[in-house]
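The values are calculated or read from the model by the stated rules, or taken from the named source; none is laboratory data. The shown structure was predicted, so the numbers you read here are calculated from the model rather than taken from an experiment. Here the Cβ positions follow ideal geometry from the backbone for every residue, glycine too, while neighbour counts run over all protein chains shown.
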Amino acid sequence: MKILYTCEYCGDHIDTLEVDEVDEVKFGFDRLTAQERQDIIKTDAAQNTIYVKSLCDQCIASMGLDDPIALGIPEVNKGYIH
Ligand SMILES: [Zn+2]
C-alpha cells in the first residue's frame with residue numbers, strides 16, 4: 001500500500017511511502033479527530049493508496065508554523081521531508 005503526502009497549501013508532492021500495512025499510531029493518524037481524518041486522509045482502495053494532506057517545509061516555514069504534528073505530518077517523517 002502507498003501513502004502519498006501532498007501539500008494542502010501549494011499542492012506539491014511531499015513524499016510517498018510504501019508500507020505493508022498502515023500503523024495508525026506510527027503515522028500519527030490516531031491523533032486526529034474523526035473530522036480531521038475525513039479532511040486529511042483519503043483512501044483509494046482501487047489504487048491501494050492513501051492520500052494524506054499535509055504541508056511541505058516551504059509552506060510551514062512561510063507560515064511560521066513550527067508544530068508539524070498538529071498539521072498531520074507524522075513524527076516518523078520529520079527527518080526526511082526535505
Ligand atoms: Zn507547500
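Which strands (runs of 3 or more DSSP E) sit wholly inside the stretch 7-67 and have at least 2 residues that are buried (at least 16 other Cβ atoms within 10 Å of the Cβ)?
Passing ranges, in order: 13-18, 49-54.
Counting only residues that are under 12 Å from the mean Cα position of the chain (by Cα) and over 23 Å from residue 10 (Cβ atoms), how many does the stretch 44-59 have?
The number of residues fulfilling the criteria is 0.
So is residue 16 under 13 Å from the mean Cα position of the chain (by Cα), at pLDDT 95 or above, within 16 Å of the ligand (Cβ to nearest atom) and over 23 Å from residue 63 (Cα atoms) or not?
yes
So is residue 4 within 15 Å of the ligand (Cβ to nearest atom), at pLDDT below 90, within 11 Å of the chain's Cα centre (by Cα) and of a type in the set (A, V, I, L, M, F, W, C) or not?
So residue 4 fails the test.
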